[in-house]
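Read through the structure below, which is laid out as structure tokens, and then see the notes.
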Amino acid sequence: MERFNVFSGALEPGFEREGYGARWQRVGPLVGAERIGASVYELEEGQQTFPYHFHHGVEEWLLVLDGTPTLREPGGERALRRGDLVCFPSGPEGAHALRGPGRIVIFSTGQRPSVSVYPDSDKVGVRAVGDEEPLNFRRGDAVDYWEGE
């Protein structure tokens with residue numbers, strides 16, 4: 001069995017986008033996982049993992065390893081601390097975004113296909129079986145079911 005230390009394991013540079021400067025490592029594949037995914041993120045003060053979003057068909061758990069990250073959820077924002085565990089259920093009630101500082105691990109059921117919704121930018125992301133990256137669409141660009149048929 002493979003292992004990865006979530007407290008000290010090496011992390012890769014994250015996104016090169018202002019405000020989203022987390023270092024991270026997708027650890028599920030490193031430990032041989034097939035059904036449950038996990039990623040470790042290290043966030044500097046004010047940096048986020050991803051935009052505010054929720055998933056349809058995917059449940060996620062967040063475990064704070066170190067620091068005091070801020071969780072934005074449908075009820076507002078709250079500070080988290082080492083050892084806090086939070087579940088983000090599938091659907092709008094599981095909407096979330098995380099802002100540093102802190103080191104966290106997010107576990108995910110990672111089912112595909114799945115749909116992510118980004119309420120702030122009114123986008124939808126679709127991740128199909130076999131797709132590494134989601135396809136993202138603005139809801140305003142939606143077409144009628146019979147368009148082009």
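Specify the residue that is modelled with the highest pLDDT; the eligible residues are those in the stretch 44-58 that are buried (at least 18 other Cβ atoms within 10 Å of the Cβ) and part of a loop (DSSP other than H, G, I, E, B).
Top of the filtered list is Gln47.
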* **Matching residues in the stretch 72-119 - criterion: being of a type in the set (Val, Ile, Thr) and out of contact with any helix residue (DSSP H, G or I) (no Cβ under 8 Å at 6 or more places or on another chain)** => Val86, Ile104, Val105, Ile106, Thr109, Val115
* **Single unsatisfied condition, Glu77 versus (1) more than 25 Å from Ser121 (Cβ to Cβ); (2) in contact with a Ser or Thr (Cβ under 7 Å, 6 or more places away or on another chain)** => (1)
* Go through (1) farther than 20 Å from Val64 by Cβ; (2) in contact with a Gly (Cβ under 8 Å, 6 or more places away or on another chain) and name the single condition Arg17 misses. => (2)
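Take the residues in the stretch 97-142 that are of a type in the set (A, V, I, L, M, F, W, C) and touching a Pro at 6+ places or on another chain (Cβ under 8 Å); name whichever of them is modelled with the lowest pLDDT.
Among them, the one singled out is Val129.
Filter the stretch 79-88 for residues that are within 18 Å of Gln111 (Cβ to Cβ) and either surrounded by 13 or more Cβ atoms within 10 Å (Cβ to Cβ) or modelled with pLDDT under 95 (or both) and give the result.
Phe88
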* Asked: Restricted to the stretch 1-43, and to residues that are surrounded by 12 or more Cβ atoms within 10 Å (Cβ to Cβ) and among the polar types (S, T, N, Q), which residue is farthest from Ile106 (Cα to Cα)?
  -> Gln25
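The values are calculated or read from the model by the stated rules, or taken from the named source; none is laboratory data. Source: prediction; values computed, not measured. Cβ: placed from backbone, ideal geometry, glycine included. Neighbour counts: every protein chain shown.
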